[in-house]
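Chemist: What follows is a structure written as structure tokens; I'll ask about it next.
Since every read-out is calculated from the coordinates, none of them should be taken as a lab result. No experiment lies behind these values; they were computed from the predicted model shown. Reconstructed Cβ throughout: ideal geometry from the backbone, glycine too, with neighbour counts over all protein chains shown.
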Amino acid sequence: MNRVRISALDKSVESVGFRCGQSAPDDYIARYAAQDIRRNVARVFVATTPVAEPQRLAGFFSLSAGSVNCADLPPLLAKKLPRYPVPVARIGRLAVSLDFQGQGLGAVLLADACQKVVLASATLAVEGIVVDAKDGAAASFYQRFDFLPLPGSVGCWLLPAAAFGA
């Protein structure tokens with residue numbers, strides 16, 4: 001998937017026409033992503049087509065800090081950790097435009113998010129990356145990349161730090 005460039009969301013990216021097939025991510029990137037950045041609650045990264053052609057938003061993801069109660073972690077992981085909330089990175093949204101679906105861009109965005117978390121983990125401790133799978137297709141996507149279900153949180157998945165090198 002070398003037809004896109006991943007960078008931080010800025011005013012040069014037109015996000016209003018983004019369509020991924022689900023209204024929540026479409027609304028988020030068009031209406032709330034810039035607000036989350038200004039409020040310092042998330043960082044949003046976008047995959048865009050090269051400037052040589054009309055620049056289009058192909059996909060995006062958001063990252064923020066969070067925590068998970070130790071009791072909500074998979075038992076094998078929880079037994080090694082203290083009994084208070086542990087720090088995690090959270091992918092709040094990850095979506096691919098209908099025009100780019102089925103071309104591997106979701107995996108590219110996920111890999112980029114993991115790389116950013118690895119870089120941040122040199123400064124901030126994280127036990128893993130958490131995502132909320134909105135439906136069965138999203139859950140299947142994350143399962144392919146070794147995310148584990150969080151027993152205490154329906155629809156939440158965790159990629160332990162050991163799985164991505166943090």
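Chemist: Distance between Cα centroids, the stretch 116-162 to the stretch 10-39: provide it in whole Å.
Modeler: Using only Cα atoms to place each centre, the spacing works out to 22 Å.
Chemist: Please give every one of the aspartates and glutamates within straight-line cross-link reach of Lys79, meaning a C-alpha to C-alpha distance under 18 Å, and leave out same-chain neighbours fewer than 8 residues apart.
Modeler: Partners within reach: Glu127.
Chemist: Quick one: compute the contact order of the stretch 5-164, relative version, from alpha carbon pairs under 8 angstrom and 6+ residues apart, as a percent.
Modeler: The normalised contact order for the stretch 5-164 reaches 19 percent.
Chemist: Given charges of +1 on the Cβ of Lys and Arg and -1 on the Cβ of Asp and Glu, with all other atoms neutral, how large is the dipole of the stretch 66-166 about its Cα centre, in debye to the nearest 20?
Modeler: In debye, rounded to 20, the stretch 66-166 gives about 260.
Chemist: Right, next: Fewest Cβ neighbours within 10 Å first, please rank Lys80, Lys116 accordingly.
Modeler: The fewest-first ordering by Cβ neighbours comes to Lys80, Lys116.
Chemist: Another question, if that's okay. Of Arg39, Arg56, how do they rank once you tally other Cβ atoms within 10 Å and put the fewest first?
Modeler: Starting with the residue having the fewest Cβ neighbours, the order is Arg39, Arg56.
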